[in-house]
Amino acid sequence: MRLPALLALVAGSEALPQFGGSGFTMLRFGCSQLVIDRIDPLVNPGQAPSPHMHQVVGGDAFNTTMAVTDISKQAKCTTCGYSEDLSNYWTANLYFKARNGTYKRVPQIPNRELFNDKYTTGTKGGFVVYYVSPGKGQVTAFKPGFRMLTGDANQREKIGNGRKSQSCFRCYTSKNFGGDNAAPCADSKLDTEHLPTGPCPGGIRSNILYPTCWDGKNLDSPDHKSHVAYPVGGPAPFTGTSIQGTCPSTHPVKIPQIMLEIVWDTTQFNNKAEWPEDGSQPFVLSTGDPTGYGQHGDYVFGWQGDSLQRAMDEAKGCMGASCGGLKTQAVSAGNNCKVKNRVLEDADGWLTSLPGMPMQL
Ligand SMILES: *[C@@H]1O[C@H](CO)[C@@H](O)[C@H](O)[C@H]1NC(C)=O
Ligand SMILES: *[C@@H]1O[C@H](CO)[C@@H](O)[C@H](O)[C@H]1NC(C)=O
């Protein structure tokens, strides 16, 4: 998302004077890759390998099993720009399926600069994380042990008619983020819930918006979803003061809006001679999903102490990777934070099948 575009959207809701002023906080920071591994401590705790591959960012407490506890006390480093954020965030990976039936992982590239910060342009792999609050006292930060999942890895069709998107893809029309001129998941002409159908000269951007309403009690739930909810009208658009929407009575507590933004560098895979002969698009999520509707995101909260609450309440308005008293770290420190793979398998060569998926040659 580019600054002028965001301003335009924010201006539409009369929040422009608040931008960097009296309220509206938007943390936006890059997190380098922590690990690419076939584990999922939320959905498949203890399993190594889990059914599909993930790419993970954040603190190094990430493991096959993660107890409901304060992981900010277990982690020693983080891949994220804010050094007090030891949370973990993970999503499926993207693969290219060549005409000869073999797969290659699509690399991620750093995002564009937005708020004059280096944290989004100097990262290695990974993605950009956003936290938004409409202002002081408006959201309740997550508690230690909190975790949630958004999206469904098995989804293969568009979710509900007329519902706003919680997950979308944008096809960059040229190099250097061409076409990145509006907030994500808000305009169905720019963003689709399915993977783009044609080659994207500048790569593909993924956005995943997490729920913004909480039941106020449970740190987790059996499906990792029912303790949280989207606003009554569906996922809130990522714009200005309307960010939070209205929470349902079952989930009355407003929580920060988290959004993930991933830039997949598909440029080396844009030769149509390598695409399927039937004209379909060649990209597939690591879940085996060629539609994109199954894009999902996992989250385990791990900010230290009250740092996230302070940021969300920062009355001066926090933008990007600069916010009141929050601590940042050198980009190199984030790039050097790693965890070892628990499952040793090839994720990066030309593969005859997706890791964990049946042979599809
Ligand atoms: C990860 O979990 C395994 C199994 O529970 C444990 O043996 C190992 O010490 C953990 N690793 C770290 C770095 O915490
Ligand atoms: C399949 O196609 C890719 C892309 O052209 C190529 O790099 C790879 O070597 C091919 N693999 C086989 C087994 O032909």
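For the range 68-119, applying the loop criterion from DSSP together with a ceiling of 10 other beta carbons within 10 Å to the chymotrypsin sites (Phe, Trp or Tyr not before Pro) yields no site. Each DSSP beta bridge with both residues in the chain is either parallel or antiparallel, and the antiparallel ones are about 95%.
Check cross-link reach from residue 217 to the aspartates and glutamates: straight Cα distance under 16 Å, and skip same-chain residues fewer than eight apart. Qualifying aspartates and glutamates at Cα under 16 Å: none.
Placing a label point 7 Å from the Cα of residue 327 along the Cα-to-Cβ direction, the residues of the range 57-97 whose backbone N falls under 19 Å of that point are 58-62, 70-88. Relative intensity of the chain on a log10 scale, I(q)/I(0) at q = 0.14 Å⁻¹, equals -1.18, per a Debye sum over C-alpha point scatterers of equal strength in the absence of solvent. Beyond 20 Å between alpha-carbons counts as too far, so tell me which of 104/340; 225/254; 76/340; 124/316; 143/225 fall in that bin. In this structure, 104/340; 124/316 exceed 20 Å between Cα atoms. Kirkwood analysis of the Cα pair distances in the range 258-303 returns a hydrodynamic radius of 13.3 Å.
Remark: C-alpha extents of the range 233-347 on the principal axes read 55, 41, 27 Å, sorted largest to smallest. Take every pair of alpha-carbon atoms less than 8 Å apart whose residues are at least six positions apart; their mean separation over the length of the chain yields a relative contact order of 30 percent.
For chymotrypsin sites (Phe, Trp or Tyr not before Pro), the sites in the range 254-361 that DSSP calls loop and that have at most 14 other Cβ atoms within 10 Å are 350.
Every number in this text was worked out from the coordinates using simple rules, so none of it is lab data. On a predicted model such as this, the values are computed, not experimentally measured, just so you know. Glycine also receives a Cβ, built like all others from the backbone with ideal geometry; neighbour counts cover every protein chain displayed.
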